[in-house]
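Below: one structure, written as structure tokens.
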Amino acid sequence: MRIRTLEISVGAFMVAGFAALIFLALKVSGLTLDAAEESYEVTARFENIGGLTVRAKVTMAGVVIGRVSNIYLDKEDFVGVVEMDIYNQFDNLSIDSTASILTAGVLGEKYIGIVVGAEDEYLAEGDEIEDTQSALVLEDLVSKFLFNKTQE
Amino acid sequence: MVIQVLRRVGSKGVSFLESFGASGMFLFQSLVAVPNIRNNFPLLVKQIYAVGVMSLVIIMVSGLFIGMVLALQGYNILTRYGSEQALGQLVSLTLLRELGPVVAALLFAGRAGSALTAEIGLMKSTEQIAGLEMIGVDPLRRVIAPRFWAGIICMPVLAIIFSSVGIWGASLVGVDWLGVYSGSFWANMQDSVQFSDDVLNGVIKSIAFGFVITWIAVFQGYDAVPTSEGIGQATTRTVVYASLAILGLDFILTAVMFGDL
């Protein structure tokens with residue numbers, strides 16, 4: 001009987017460890033069981049991405065519709081290229097949608113906001129969003145403001 | 001005078017290297033063996049009970065309090081900048097990357113490592129180990145190997161439980177008591193924690209710590225002077241060496257994992 005309780009408690013211990021790992025995976029790091037949600041890739045070119053990071057949210061009307069998957073510099077045009085994965089269920093974004101880099105709150109993270117356009121054609125895998133709006137960089141705003149002040 | 005100092009340093013260094021080499025040989029001999037699962041599995045289960053299950057309470061209680069303290073302190077600082085939603089992110093990254101593995105390992109060294117050393121040291125001083133040898137049983141395989149594997153298996157499990165309980169404690173304080181909005185608490189956490197980077201790296205760290213702690217503990221026990229004084233010294237050495245090794249190793253692992261080295 002002594003051996004039995006010992007084995008049961010060891011089993012319960014291992015199960016508790018496994019349960020804790022699942023808690024960390026699902027609740028803390030937000031892995032979903034159907035992890036690879038079907039998505040299609042769209043790119044957008046920004047003059048300045050200003051602190052946008054990979055895995056940042058892509059939103060429309062405040063609702064998350066995708067994630068930023070990659071960011072790199074176009075070596076010929078010197079613009080930042082942002083690749084984003086948009087979930088397949090949102091397959092009716094018109095081809096002239098606008099993408100802008102926004103900030104959540106004053107100190108918050110950067111994310112991409114998409115505003116839908118008017119065309120009947122929809123964005124598909126590999127398309128590019130042409131109409132973009134760069135991130136606001138505080139230093140630029142301040143220098144513009146000062147420049148205007150001195151002109152007056 | 002100078003010569004004498006040099007000589008002392010030299011002999012210290014040689015004896016350090018000697019014991020390091022001896023412990024390496026010892027580890028090699030106790031692990032490199034054809035595993036005999038049917039006979040050794042009950043031994044392993046018994047050691048997992050002694051090393052892991054018995055450490056569970058201290059790990060869970062300290063995890064809970066560390067999570068709660070982190071939430072309190074983090075809230076006080078973050079609320080100054082009006083960004084207390086980032087509390088979940090702060091607590092979970094701190095626990096998963098550093099505090100979970102490290103504090104669990106320090107507690108494990110104190111709770112289980114010292115017990116391992118004392119047990120094996122006492123076996124040696126009461127000549128049980130010599131007795132095993134006399135009846136033709138290899139004490140390294142019979143006594144050391146199951147304890148060693150139990151340590152490696154238990155340490156990551158304990159660290160994971162520590163982090164989970166800590167995060168739960170933080171949500172208890174942050175969300176239920178201080179009133180951080182629970183949606184942004186969990187969502188911010190899920191945005192910033194990456195399973196493959198943060199959770200798995202923490203697990204890898206704790207496996208490394210488990211290896212080092214049990215190695216030091218069983219070697220110090222096996223190498224102890226078989227007197228009551230010697231066993232006391234060996235136990236102290238286990239806790240001191242294991243704690244230092246954990247902290248040093250943690251810096252190296254962090255630098256490799258998160259420091260872009």
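All of the numbers you see were taken from the coordinates with simple rules; none came from a lab. What you see is a predicted model; the values in this text were computed from it and never measured. Every residue, glycine as well, gets a Cβ built from its backbone with ideal geometry; the counts of neighbours run over all protein chains shown.
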**Request:** List the pair-distance distribution P(r) of chain A, using every Cα-Cα distance, as the percent of pairs falling in each 10 Å bin from 0 up to the bin containing the longest distance, rounded to whole percents.
**Result:** 10, 29, 24, 15, 9, 7, 4, 1, 0, 0
**Message:** For the stretch B:1-88, take the convex hull of the Cα atoms, compute a quarter of its surface area, and give me that in nm², please.
**Reply:** 13.1
**Request:** State whether the stretch A:77-152 is rounded, prolate or oblate according to the following rule on the C-alpha gyration tensor (a ≥ b ≥ c being the square roots of its eigenvalues): a/c under 1.5 gives rounded; otherwise a/b larger than b/c gives prolate, and the remaining case gives oblate.
**Result:** prolate
**Complete:** Note, B:Val218: beta-carbon cut-off 10 Å, +1 each Lys/Arg, -1 each Asp/Glu, net -1
**Asked** Which distance in Å, rounded to a whole number, links the C-alpha centroids of the stretch B:19-74 and the stretch A:71-141?
**Response** 49
**Prompt:** With labels modelled as points extended 7 Å from the Cα through the Cβ direction, what inter-label distance (nm, one decimal) is found for B:Val32 paired with A:Asn88?
**Reply:** 5.2
**Prompt:** Considering only B:Leu87, B:Ser114, B:Phe211, whose Cα is most displaced toward the positive end of the charge dipole of chain B, charges sitting on Cβ of Lys, Arg (+1) and Asp, Glu (-1)?
**Reply:** B:Ser114
**Prompt:** If you place +1 on the Cβ of every Lys and Arg, -1 on the Cβ of every Asp and Glu, and leave all else neutral, what size is the dipole of the protein assembly as shown about its Cα centre, to the nearest 20 Debye?
**Reply:** 3380
**Asked** What share of all Cα pairs of the stretch B:37-258, in percent, falls into each consecutive 10 Å distance bin?
**Response** 9, 30, 29, 18, 10, 4, 1, 0
**Which of B:Asp176, A:Asp140, A:Asp127 has the fewest Cβ neighbours within 10 Å, and the rest in rising order** = B:Asp176, A:Asp140, A:Asp127
**Prompt:** Of the chymotrypsin sites (Phe, Trp or Tyr not before Pro) in the stretch B:163-261, which ones lie in a loop per DSSP and count no more than 10 other C-beta atoms within 10 Å?
**Reply:** none
**Prompt:** For the stretch B:140-261, with equal point scatterers placed on the C-alpha atoms only and solvent neglected, what are the log10 I(q)/I(0) values from the Debye formula at q = 0.11, 0.13, 0.17, 0.22 1/Å, to two decimals?
**Reply:** -0.55, -0.70, -0.96, -1.22
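So which GluC sites (Glu not before Pro) in the stretch A:1-90 pass both tests, a DSSP loop state and at most 11 other Cβ atoms within 10 Å of the Cβ?
A:Glu38, A:Glu76
When the helix-only estimate is applied to chain B (DSSP H runs of n ≥ 4, each -39,500 (n - 2.57), divided by the residue count), what is the mean residue ellipticity at 222 nm, nearest 500 deg cm²/dmol? Walk me through the intermediate numbers first.
Working: 11 runs with 196 residues, N = 261.
When only DSSP H runs of four or more count, the value is -25500 deg cm²/dmol.
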**Asked** By how many degrees, between 0 and 90 and to the nearest 10, does the Cα long axis of helix A:138-151 differ from the longest principal axis of chain A?
**Response** 20
**Asked** In Å and whole numbers, how far do the C-alpha atoms of the protein assembly as shown stretch along each principal axis, longest first?
**Response** 93, 66, 45
**Prompt:** Rg to Rh for the stretch B:149-194: what is it, with Cα atoms only and Rh by Kirkwood?
**Reply:** 1.16
**Item:** Whole-number percent relative contact order across the stretch B:201-261, with pairs defined as alpha carbons under 8 Å at least 6 apart
**Value:** 38
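Given a Förster distance of 30 Å, report the FRET efficiency between B:Val5 and B:Glu229 from their Cβ-Cβ distance, rounded to the nearest 0.05.
Once the sixth-power term is evaluated, E becomes 0.60.
Exceeding 31 Å between C-alpha atoms, which entries from my cross-link table qualify? They are A:Lys57/A:Lys149; B:Lys12/B:Lys124; B:Lys12/B:Lys46; A:Lys75/B:Lys205. Numbers along the way, then the final one.
Numbers: A:Lys57/A:Lys149 36 Å; B:Lys12/B:Lys124 25 Å; B:Lys12/B:Lys46 38 Å; A:Lys75/B:Lys205 39 Å.
Beyond 31 Å: A:Lys57/A:Lys149; B:Lys12/B:Lys46; A:Lys75/B:Lys205.
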**Request:** Over the stretch A:39-138, calculate the relative contact order: mean separation of alpha carbon pairs under 8 Å at least 6 apart, over the residue count, as a percent.
**Result:** 36
**Prompt:** Nearest 10 degrees, 0 to 90: what angle lies between the long axis of helix A:2-23 and the longest principal axis of chain A (Cα atoms)?
**Reply:** 10
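Not counting the cut sites, what is the longest span of chain A without trypsin sites (Lys or Arg not before Pro) that DSSP labels loop and that have at most 12 other Cβ atoms within 10 Å? Let's see the in-between values first.
Details: sites that count: A:Arg55, A:Lys75.
Longest run free of exposed loop sites: A:76-152.
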**Message:** Taking 56 Å as R0, compute the FRET efficiency from the Cβ-Cβ separation of A:Val63 and A:Ile8 and round it to 0.05.
**Reply:** 0.75
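What's the exposure ranking of B:Arg38, B:Arg7, going from fewest to most Cβ atoms within 10 Å?
Details: B:Arg38 7, B:Arg7 10.
Ranked by crowding around the Cβ, least crowded first: B:Arg38, B:Arg7.
What percent do you get for the relative contact order of chain B when only Cα pairs under 8 Å and 6+ apart count? Walk me through the numbers on the way to the answer.
Values: 312 pairs, mean separation 80.4, N = 261.
The value is 31 percent.
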**Asked** Within chain B, which complete DSSP H helices have Cα atoms spanning at least 15 Å along the helix axis and a mean Kyte-Doolittle hydropathy of 1.0 or higher?
**Response** B:56-78, B:145-171, B:200-223, B:228-258
